[in-house]
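Heads up, the thing below is written out as structure tokens.
The values are calculated or read from the model by the stated rules, or taken from the named source; none is laboratory data. What you see is a predicted model; the values in this text were computed from it and never measured. For neighbour counting, all protein chains shown are included, and Cβ atoms are generated from backbone atoms with ideal geometry for every residue, glycine included.
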């Protein structure tokens, strides 16, 4: 079956060229993995798994303010039924549409709560995963915290905080439905995000880094 993916973009920096580069890397990675399998275990239709095939199954919606994002969320059920096997929805930079002034914090909180509940309902009813990317902000006390407040963080079943510590990029599994907190290193390449080489998998002096970045992603996907 063909699986489809929906991507909601909330700022103008989205690059189709970058998405194509990541798709190209995925084709190469899976082709290499398939080549290592025994003939009986190899995928027979890998020649159909092309960059064009991947991109044709990704629908992108530009939601540059909260009104457009809320409207898109209401249209999702009909869109999913029309497309068929949608397995993943990504909302890139959820904080961006909510940077504008609101009449009160209570109003913003209510809108965010309704949005979170709507996406949660869509995820359960259509058996798919919803991924939000967020930004970090600083409190008056100087503490680094996710944007949009505590409720938004609690509404997610899995949370991964990405940070840069010196020359290392770190992914910290802060909350999960399947395991304890852990921290791993990762790298960003032309082909997308990958686990860091084993030589830099853990921070110097850290004993908590027992998994690879790819392992965390696979376990999160399996928990949906």
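Quick one: count up the residues across the stretch 56-68 that are touching a helix residue (DSSP H, G or I) at 6+ places or on another chain (Cβ under 6 Å) and either in contact (Cβ under 8 Å) with a residue 60 or more places away in the chain or assigned to a helix (DSSP H, G or I) (or both).
The qualifying residues number 1.
Give the stretch 41-52 a look and list any residue that's surrounded by 13 or more Cβ atoms within 10 Å (Cβ to Cβ) and modelled with pLDDT of 90 or more, or say none.
50, 51
Checking residue 43 against (1) assigned to a helix (DSSP H, G or I); (2) touching a helix residue (DSSP H, G or I) at 6+ places or on another chain (Cβ under 6 Å), which test does it fail?
(1)
Would you check which residues across the stretch 19-40 are surrounded by fewer than 13 Cβ atoms within 10 Å (Cβ to Cβ) and either touching a helix residue (DSSP H, G or I) at 6+ places or on another chain (Cβ under 7 Å) or free of Cβ contacts under 8 Å to residues at least 60 places away in the same chain (or both) and list them?
Going residue by residue through the stretch 19-40, those that are surrounded by fewer than 13 Cβ atoms within 10 Å (Cβ to Cβ) are 28, 32-33, 35-40.
Answer for the stretch 19-40, where residues must be surrounded by fewer than 13 Cβ atoms within 10 Å (Cβ to Cβ) and either touching a helix residue (DSSP H, G or I) at 6+ places or on another chain (Cβ under 7 Å) or free of Cβ contacts under 8 Å to residues at least 60 places away in the same chain (or both): 32, 33, 35, 36, 37, 38, 39, 40.
Tally the residues that are on the phi < 0 side of the Ramachandran plot, in a helix (DSSP H, G or I), in contact (Cβ under 8 Å) with a residue 40 or more places away in the chain and surrounded by 13 or more Cβ atoms within 10 Å (Cβ to Cβ), restricting the search to the stretch 134-168.
1
Is there a residue being assigned to a strand (DSSP E or B) and under 18 Å from the mean Cα position of the chain (by Cα) anywhere in the stretch 94-117?
No.
Can you name the number of the only condition in (1) outside the structural domain of residue 179 (by the TED database); (2) loosely packed, with under 13 Cβ neighbours inside 10 Å; (3) out of contact with any strand residue (DSSP E or B) (no Cβ under 9 Å at 6 or more places or on another chain) that residue 112 fails?
(2)
Within the stretch 1-18, how many residues turn out to be under 22 Å from residue 97 (Cα atoms) and surrounded by 12 or more Cβ atoms within 10 Å (Cβ to Cβ)? Talk me through it step by step, then tell me what you get.
Pass one, the stretch 1-18, residues under 22 Å from residue 97 (Cα atoms): 5-16.
Keeping just the survivors that are surrounded by 12 or more Cβ atoms within 10 Å (Cβ to Cβ) gives 5-11, 14.
Total meeting the criteria: 8.
Which of the following residues is under 16 Å from the mean Cα position of the chain (by Cα) and either at pLDDT below 85 or more than 21 Å from residue 73 (Cα to Cα) (or both): 149, 153?
On the way: 149 fails: under 16 Å from the mean Cα position of the chain (by Cα).
Just a single option satisfies the conditions, and that option is 153.
Where residues in the stretch 177-192 are surrounded by 15 or more Cβ atoms within 10 Å (Cβ to Cβ) and out of contact with any helix residue (DSSP H, G or I) (no Cβ under 7 Å at 6 or more places or on another chain), which of them is modelled with the highest pLDDT?
Out of the qualifying residues, it is 183.
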